[in-house]
Amino acid sequence: MNNNKTVWAILAVVFVIAVQPLSAQAFSYASHAVICDLAYDGVEPDTRARIDELVARSGEAKQFAQLCGWPDRVRKEFNQKHTSVWHYINVARNATHVSKSACPSQGCVTRVIPEMLRRLRASPQDDWQALAFLGHMVGDLHQPMHVSYAYDRGGNKASLYFEGERKNLHALWDYDVPGLTGTLQRDRALIESISTAGIPLEGSPEQWATESLQKTRSIYADFRRNVRLSEDDILEDQAWLRQRLHVAGLRLAALLDEALGN
């Protein structure tokens, strides 16, 4: 990806994303890369320089957008298996908001975000893993099926058909609803829609998770097992989720400036 970035307010900027295969239980690599690239564009220059230094130190990626996929690549490795529960949070079926008490002792997505912020502040020149986890988990928190229910493993046991192909509700929201095939335009209209809708960029991980839960509840309210869906059926959800990617990118940028800026 070209590191010579354009300014935040330009109407259309195309991000070229190198799509890599991942587990069917993970927000797609392309979605994570878009969120982290949006954040990278939105941070202050000093923060961007520190991000570049940490990415170079990692030896795992050449750009921040690529590094944000690292937590999914390694979560099944022996020394990283404990991180697998960090990618989501389960709540009670009748829950209408996400509280800190919903996070189990082994951790979850809402707890790991402030922990990675703490680590970055403590070691801004060395802790590239904290950078990778922070970028990745902010993305996961904004995908509804990552704030869901244990009984069907966040939609992984909720079967359906999309364009004739059998899959599950979680995979639909990880891959098909974002609909990213390698590029995504960022434009002023979409960014302005966030302000017009009154979506706050500040807030706690629990507040952001509650936003995702509200969408999760509406998804399950309409869901029927083995339902058959087409591209036309997900257009409204696709528009919502692409706005959500931009919200995540803006929020991540603010967190990175807080942790790495002067």
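Can you confirm whether Thr96 is touching a Pro at 6+ places or on another chain (Cβ under 7 Å), in contact (Cβ under 8 Å) with a residue 40 or more places away in the chain, more than 23 Å from Leu38 (Cβ to Cβ) and not basic (Lys, Arg)?
The answer is no for Thr96.
List pairs: first in the range 41-58 and modelled with pLDDT under 95, second of a type in the set (S, T, N, Q) and assigned to a loop (DSSP other than H, G, I, E, B), Cβ under 9 Å, 6+ apart or cross-chain?
What qualifies is Asp41/Thr6.
Within the range 206-262, which residues are within 16 Å of the chain's Cα centre (by Cα) and of a type in the set (Phe, Trp, Tyr)?
Trp208, Trp240 - these are the residues of the range 206-262 that are within 16 Å of the chain's Cα centre (by Cα) and of a type in the set (Phe, Trp, Tyr).
Would you check if there is a residue in the range 200-212 being surrounded by 12 or more Cβ atoms within 10 Å (Cβ to Cβ) and among the acidic types (Asp, Glu)?
yes
Return the only residue of Asp52, Asp72, Asp46 being assigned to a helix (DSSP H, G or I) and in contact with a Gly (Cβ under 8 Å, 6 or more places away or on another chain).
Only one candidate passes the filter, namely Asp46.
Within the range 140-166, how many residues are basic (Lys, Arg) and outside any strand (DSSP E or B)?
The total comes to 2.
Can you find a residue in the range 229-247 that is in contact (Cβ under 8 Å) with a residue 24 or more places away in the chain, more than 21 Å from Ser28 (Cα to Cα) and surrounded by 19 or more Cβ atoms within 10 Å (Cβ to Cβ)?
no
Quickly run through the range 213-227 and pick out the residues that are in contact with a strand residue (DSSP E or B) (Cβ under 6 Å, 6 or more places away or on another chain), of a type outside the set (A, V, I, L, M, F, W, C) and either part of a helix (DSSP H, G or I) or surrounded by 12 or more Cβ atoms within 10 Å (Cβ to Cβ) (or both).
Once the filter is applied, which keeps residues that are in contact with a strand residue (DSSP E or B) (Cβ under 6 Å, 6 or more places away or on another chain), of a type outside the set (A, V, I, L, M, F, W, C) and either part of a helix (DSSP H, G or I) or surrounded by 12 or more Cβ atoms within 10 Å (Cβ to Cβ) (or both), the range 213-227 yields only Thr216.
Determine whether the range 129-144 contains at least one residue that is more than 21 Å from Ala49 (Cβ to Cβ), of a type in the set (S, T, N, Q) and touching a Gly at 6+ places or on another chain (Cβ under 6 Å).
No, the range 129-144 has no match at all.
Exactly one of these conditions fails for Gly155: (1) under 21 Å from Arg244 (Cα atoms); (2) out of contact with any helix residue (DSSP H, G or I) (no Cβ under 6 Å at 6 or more places or on another chain); (3) not aliphatic (A, V, I, L, M). Give me its number.
For Gly155, the exception is condition (2).
Report every pair of residues separated by at least 6 positions or lying on different chains whose Cβ atoms are under 8 Å apart, first residue within the range 180-206 and more than 18 Å from Leu255 (Cα to Cα) and modelled with pLDDT of 75 or more, second surrounded by 16 or more Cβ atoms within 10 Å (Cβ to Cβ) and among the hydroxyl-bearing types (Ser, Thr, Tyr).
Leu180/Ser28; Leu180/Ser31
If you check every pair at least six apart or on different chains, which have Cβ atoms under 6 Å apart with a residue in the range 140-169 that is closer than 13 Å to Ile89 by Cβ first and a residue that is of a type in the set (S, T, N, Q) and crowded, with 21+ Cβ neighbours inside 10 Å second?
Pro144/Ser212; Pro144/Thr216; Val147/Ser212; Val147/Thr216; Ser148/Thr216; Gly154/Ser148
It is to be established whether one or more residues within the range 94-102 are in a helix (DSSP H, G or I), out of contact with any Phe, Trp or Tyr (no Cβ under 6 Å at 6 or more places or on another chain) and loosely packed, with under 12 Cβ neighbours inside 10 Å.
Yes, there is a match, as at least one residue in the range 94-102 is in a helix (DSSP H, G or I), out of contact with any Phe, Trp or Tyr (no Cβ under 6 Å at 6 or more places or on another chain) and loosely packed, with under 12 Cβ neighbours inside 10 Å.
From the set of residues in the range 104-139 that are assigned to a loop (DSSP other than H, G, I, E, B) and in contact (Cβ under 8 Å) with a residue 60 or more places away in the chain, which is surrounded by the most Cβ atoms within 10 Å (Cβ to Cβ)?
Asp127
Can you tell me which residue is surrounded by the most Cβ atoms within 10 Å (Cβ to Cβ) among those in the range 77-93 that are under 18 Å from His170 (Cβ atoms) and in contact (Cβ under 8 Å) with a residue 40 or more places away in the chain?
If we take residues in the range 77-93 being under 18 Å from His170 (Cβ atoms) and in contact (Cβ under 8 Å) with a residue 40 or more places away in the chain, then Ile89 is surrounded by the most Cβ atoms within 10 Å (Cβ to Cβ).
Can you name the residue in the range 192-241 that is out of contact with any Ser or Thr (no Cβ under 9 Å at 6 or more places or on another chain) and among the basic types (Lys, Arg) and is also farthest from Pro144 (Cα to Cα) among such residues?
Ranking the qualifying residues of the range 192-241, first place goes to Arg228.
The values are calculated or read from the model by the stated rules, or taken from the named source; none is laboratory data. Just so it is clear, the model here is predicted, and its values are computed rather than measured. Glycine also receives a Cβ, built like all others from the backbone with ideal geometry; neighbour counts cover every protein chain displayed.
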